[in-house]
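The structure appears right after this line, and notes come after that.
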Amino acid sequence: MKIKNLVSTALIIGVAAFAASSISCAFTASKWGLDAIDTMVTPVDPPLTCGAQIPDDTMTSKRTACTFAAGAHAAQTLDVSTSVSNQLPIRHIIILMKENRSFDHMLGKLHEQGQPGTEAVPPSFINTDSSGAAVAAHHATTTCIPFDPNHQSTAVIASVANGYMNGFVKNAAGSSVDPLGNPATTDGHYVMSEYESADLPFYYWLANTYALNDRHFAPLQSGTYASRNFFMLGTNAGVVDTGISFPDPGTNSIFRTLMTSGYTWGAYSDSEPFSGSLGWTSADPGVHSMQEFYKSLDDGTLPNVVFVDAEEEIEDEHPTADVQVGKAWTRNIYQHAIKSPQWPRMAIVFTYDEAGAFADHVPPPSSCLANAGDSPFTELGPRVPFIMISPWAKSHYVSHVAHDHTAITRFIETIFDLPALTSRDANSDALLDMFDFSCGRNMTPPEAPGSGTGGCKP
Amino acid sequence: MTVLSHLALATFALAFGLNSARAEPPTLVPAATAVTAPAVAQKCPSPPAGGSAEYRSVTCGIAIGGGFAVGKFGLAIPAQAVYQTTGLQSYDGRKFLLQWDASAGAVGGYAGNEHPGFFFVGGKLNLSSELGYRTMPTSNWSPYLGSGLNLNGVATAVVGQPLGTLNQHNNLDGLAGVYGVAATRFSFGGSYLDPKHSLLLTAFVQEALRAPGSVASGNAYTEVGVHAQLDVTKNLNIMLEALYGKTGQMTDPAFGATNQGSHFEAVASVRKMFGKWWVSLDGKISEDGNKTTYDASPLVFTTATPLVPSISLSVGVPIQ
């Protein structure tokens, strides 16, 4: 009998160890089957041409009605034929996606400070705090806001408040954490703060110099993981909030559609690529260091599409990071880019993955369901800054076309004539109103101002 | 730790158990004088038994337990309270062998796949049964042919959320959300029966309908596997199973691609009766894969999810 008890004990320990030790496997990098990217060669750029004419967009109403499905090309949804795509001079796209800042928070003073074409923050836009006091937009007193509000789905949905946009302060008051991630005591007023041109001279200069969109919304009312999934996969891919849940590696992606058409991509980061949303590490195919990025940029050997992610909560501007440190990182990339041999073929998309529960006054519109059966995230999230930096970007231009991150996806698909991943990107515009491909454009960029030196100064 | 080391560990545990069992050789009792099952088991509702020569090992009762699971859905800490009956019983002079594991009840728990996580509650139903034919019923060892059915479903709601918004939360691939598997299988192998012990070793082929998971769409899989069920004694039962299967080739006209899904899982279960109650420990690992071939490209994308492990420990109280 004693031996039988030993038997059962051994078996139970065996099964427990068998299952428990497997847990570590779940956190390793997913197997996305993208190994071929490390041996692919970026196709030689065709001769630089100019004068491509973008046809008038006659498909807006059809896209608004979510007419188009996965697989649709720009020729079907935007009247941009393959021959027009081939004439477009852009062949290298850099995506600089920062973290967790709303449009009003970063560029809320742009209307008064250089770009009257953007919508001003209305004086009537207020949130009430938990004591009932009205909180209006106000100047931020530091570039190192010491709080981070909850910015996952329940918090953002409560902040948007069915389009009243009046739940931000209360959400921040009830959910903020300090730089160590501990619950913080705050009245939440800080989410109504705005930076001005003097605080962020380089960002205000970018917004005034290149093409800006003041109707670019986060793709859903949630956090980093789901927001970034929309950009790479055209869907949140089953991920609702940021945490430890990753998309199925079998999900179709912009990586695949680029590769199957013979184009290359690269993810560059000294931290987690895509802010950890795919669970990738530096060991995954297609992932490279920032040192390699700068070298490729300087040498003119960048892949066709480049994803650059800053060090988390230091350079990526995710609260509680110093925005000036992140701005310096962005400026450094810009300075390398304009000197790159690939600058004449380049477009840099500068944006933020989501608003991070910082206040914005524009109610988000709805969009298309990505796939039948997906979580019904058709309501977009609050606005984020969006600037198209390119020698072909219209100068000092403001686009008011409403879209989300899948417009970046659609832009890539249009440039390289790729099929849409889901209904979401199939029915998006492709940012083309932000460009002027006519001949005679000045390829030499103007001098950029300094970026500030950090140190938590306004 | 690699998969192989997991398997080695489990194999070691199994081997240790078998060796220990051998240290106390089972008493071979003539079939006609076979010891009947414990009184507790006799009161379990089960198919009518044959004569006293038949093998019968049945448990039933309320099982309460909890566990821990990790997967592409995130983390979950599930708990359950179910009525469960399991059994292995022979008929017609040990010519036929029926095995079953059925349970129904409530499940609940906490899912950590969102920030913050959420509590869920709901119900589950499991019905697994197989009827086999022993070609040499008078012999302890016999070739075995069987056919089985497996139905497994769970439906849960998120506490505090309207039912209409449930799909705003991640599906938990069988631990929560709405999920189900239906499978029919054909088995062949060998069966050992003596009055106190049973060992069933089979290979099987099955067709399984797996409901949509956290991302993957629902599909039919053709699967092959191996199954071992050992009653070291009637109070100590061990089950090990591993299977691997693939879907058919599925065309995706939007992308000019062909997809083929794959599924692997291995389960291990140990149940020990202690007088009037039992302890059951169940472990499982699974992995889903996909192979996509594009007509217009030489590239093939072969993907796999991380291994999804889960473990649960439950305590059962027999119904007297």
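Here are a few things to note about the model shown:
- Distance from segment B:180-232 to segment A:27-100 (C-alpha centre basis), Å: 46
- Residue-by-residue Karplus 3J(HN,Hα) for segment B:237-254, coefficients 6.51, -1.76, 1.60, Hz, glycine and proline x: 10, 10, 10, 10, 8, 9, 8, 9, x, 9, 7, x, 6, 10, 7, 10, x, 4
- Placing +1 on each Lys and Arg Cβ and -1 on each Asp and Glu Cβ, with no other charges, gives segment B:246-320 a dipole about its Cα centre of roughly 520 debye.
- Cross-link table B:K124/B:K234; A:K31/B:K124; B:K95/B:K196; B:K246/B:K272, entries beyond 24 Å C-alpha to C-alpha: B:K124/B:K234; A:K31/B:K124; B:K246/B:K272
- Amide proton proximity set for A:I94, modelled H, under 5 Å, gap of 5+: A:V306, A:A347, A:I348, A:V349
- Amide H partners (placed H, <5 Å) of B:D252, local residues excluded: B:A257, B:T258, B:N259
- Cα gyration tensor shape of segment A:226-315, rounded if a/c is under 1.5, else prolate or oblate by comparing a/b with b/c: oblate
- Considering only A:A370, A:V177, A:P319, the residue lying farthest towards the positive end of the dipole of chain A is A:A370, judged by Cα position with unit charges set on Cβ.
- Note that segment B:189-194 has calculated 3J(HN,Hα) couplings of x, x, 10, 10, 9, 9 Hz, one per residue in order, obtained from phi through the Karplus relation 6.51 cos²θ - 1.76 cosθ + 1.60 (θ = phi - 60°); glycine and proline are x.
- Helical runs (DSSP H, four residues minimum) scored at -39500 (n - 2.57) apiece and divided by the length of chain A put the mean residue ellipticity at 222 nm at -7500 deg cm²/dmol.
- Ascending count of other beta-carbon atoms within 10 Å, so fewest first, for A:F274, A:F217, A:F125: A:F125, A:F274, A:F217
- Span from the segment A:370-410 Cα centroid across to the segment A:331-346 one, whole angstrom: 23
- Here the Debye sum runs over all C-alpha atoms of segment B:233-281 as equal scatterers in vacuum, and log10 of I(q)/I(0) at q = 0.18, 0.21, 0.28 Å⁻¹ comes out as -0.68, -0.78, -0.97.
- Placing +1 on each Lys and Arg Cβ and -1 on each Asp and Glu Cβ, with no other charges, gives chain A a dipole about its Cα centre of roughly 700 debye.
- Backbone geometry of segment A:132-138 corresponds, through the Karplus equation with coefficients 6.51, -1.76 and 1.60 at θ = phi - 60°, to 3J(HN,Hα) couplings of x, 6, 7, 10, 9, 4, 8 Hz, x marking Gly and Pro.
- Leading residue at positive end of dipole, segment B:234-291 (Cβ point charges), from B:L240, B:W278, B:A254: B:W278
- Calculated diffusion of segment A:268-317, Stokes-Einstein form, Kirkwood radius summed over Cα pairs, 4 °C and 1.567 mPa s, µm²/s: 116
- Overall, segment A:376-458 carries a charge dipole of about 300 debye about its Cα centre when +1 sits on the Cβ of Lys and Arg and -1 on the Cβ of Asp and Glu, all other atoms neutral.
- Scattering curve values for chain A, log₁₀ I(q)/I(0), Debye with Cα scatterers, q = 0.12 Å⁻¹: -1.00
- Per-q log10 I(q)/I(0), segment A:308-440, q = 0.09, 0.12 Å⁻¹ (Debye; single scatterer per alpha-carbon; no solvent): -0.32, -0.58
- Amide proton proximity set for A:D404, modelled H, under 5 Å, gap of 5+: A:F217
Values in this text are rule-based calculations from the coordinates and carry no lab data. Keep in mind that this is a model prediction, so the values were computed, not measured. With ideal geometry, Cβ positions are generated from the backbone for all residues, glycine too; neighbour counts draw on all protein chains shown.
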